[in-house]
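Every number here is computed from the coordinates shown, using simple stated rules; none is lab data. Treat the numbers as computed from the prediction; the structure is a model and nothing was measured. FYI the Cβ positions are ideal-geometry reconstructions off the backbone, even for glycines, and counts take in every protein chain you see.
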Amino acid sequence: MGHPLDGVSVAILATDGVERIELEEPRGALRGAGAKTEVLSLHPGEIQARQMDIISAGTIAVDRVVSDASVDDYDALLLPGGTVNPDKLRMDERAVAFVRDFVATGKPVAAICHGPWTLAEAGVVGGRRMTSWPSVRTDLRNAGAEVVDEEVVVDGQFTTSRSPNDLEAFCPAIVEQFAHARAGAAAR
């Protein structure tokens, strides 16, 4: 029997300042379930990762620049956090457009910690139930989201979590959501 995400392609949108564990653990869970993942970023080469926002945590290879990527190439989108990472992403028109266009497809999107900032910037959180790192919650509310303080929140195509402490629940939740979306697409 195959893995639940065999044949699924996941875009991981991140840039310098990404919280390493919030990229690596979900990517490992997705790959373990059979998904193919690609790190999309604002520039080619490598991005600088962080631990707890301030400690250097090495680099992560970039697979493709977001301006060269198409939402049609991916079945799901992962937005890891780290304070600096989504702050840079939401300042980049290409990254925001990619997120907005991706959400418009109805395909699943997962975001953890500060990751939902980019969703708020893209104007796609109105009427959605979400969670995030506490300092992002006002921005989500101001963008029209219903914000809750829960480990994992699934609302339609969105799966969100608060922090690295929630990775144990977040990782299996995104594998499940991405598998459900794949099954739904196959049935259409």
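Amide H of Thr159: which non-local residues (sequence gap of 5 or more, or other chain) have their own amide H closer than 5 Å, using H built in the peptide plane?
Val109, Ala110, Ala111
If you stretched the chain out fully between His3 and Thr105, how much longer would it get, using 0.36 nm times the residue separation minus the C-alpha to C-alpha distance? Intermediate values should be presented prior to the final figure.
Numbers: separation 102, 0.36 × 102 = 36.72 nm, distance 2.41 nm.
Length difference between fully extended and current span is 34.3 nm.
With θ taken as phi - 60° and the coefficients 6.51, -1.76 and 1.60, list the Karplus ³J(HN,Hα) couplings across the range 129-145 in order, rounded to whole Hz; mark glycine and proline as x.
Values, residue by residue: 8, 8, 9, 5, 4, x, 6, 8, 4, 4, 4, 5, 4, 4, 8, x, 7 Hz.
Output ³J(HN,Hα) for the range 50-62: one whole-Hz value per residue in order, computed from phi by the Karplus curve 6.51 cos²θ - 1.76 cosθ + 1.60 with θ = phi - 60°, and x for Gly and Pro.
9, 10, 6, 6, 10, 9, 4, 10, x, 10, 10, 5, 8
Specify, per residue and in Å³, the volume enclosed by the convex hull of the alpha carbon atoms belonging to the chain.
101 Å³
Would you calculate the separation in nanometres between label points at Asp53 and Ala169, each defined as 7 Å from the Cα along the Cα-to-beta-carbon direction?
It works out to 2.2 nm between the two label points.
Per residue of the range 87-93, what does 6.51 cos²θ - 1.76 cosθ + 1.60 with θ = phi - 60° give for ³J(HN,Hα)? Whole Hz please, x for Gly and Pro, Karplus curve as stated.
Working through the residues one at a time gives 5, 5, 4, 6, 8, 9, 4 Hz.
Any idea how far apart Val65 and Asp149 come out in nm if each label point goes 7 Å out from Cα toward Cβ?
Between Val65 and Asp149, the label points sit 4.3 nm apart.
Please work out the Kirkwood hydrodynamic radius for the range 86-160, using every pair of different C-alpha atoms, and report it in angstroms with one decimal place. Don't jump to the answer; show the numbers that get you there.
Values: mean 1/r = 0.0838 Å⁻¹.
Roughly 11.9 Å, rounded to one decimal.
Report relative contact order for the range 51-122 in percent, whole number only (criteria: Cα-Cα under 8 Å, sequence separation at least 6). Could the numbers behind the result be given before it?
Working: 73 pairs, mean separation 28.1, N = 72.
In percent, rounded to a whole number, it is 39.
Which far-off residues, 5 or more places away or on another chain, put their amide H under 5 Å from the one on Arg129, with H placed in the peptide plane?
Glu146
List every residue whose amide H lies under 5 Å from the amide H of Val39, counting only residues 5 or more places away in sequence or on a different chain, with H placed 1.01 Å from N in the peptide plane.
Ile12, Asp63, Arg64
Is it possible to state the helix-based mean residue ellipticity at 222 nm for the chain, with each DSSP H run of 4+ residues giving -39500 (n - 2.57), the sum divided by total residues, to the nearest 500 deg cm²/dmol? What is it?
On the way: 6 runs with 64 residues, N = 188.
My calculation for the chain gives -10000 deg cm²/dmol from helical runs alone.
How much space per residue, in cubic angstrom, does the convex hull of the C-alpha atoms of the range 55-115 take up? Each step should come with its number before you reach the end.
Working: hull volume 5.6 nm³, N = 61.
With only Cα atoms used, the range 55-115 gives 91 Å³ per residue.
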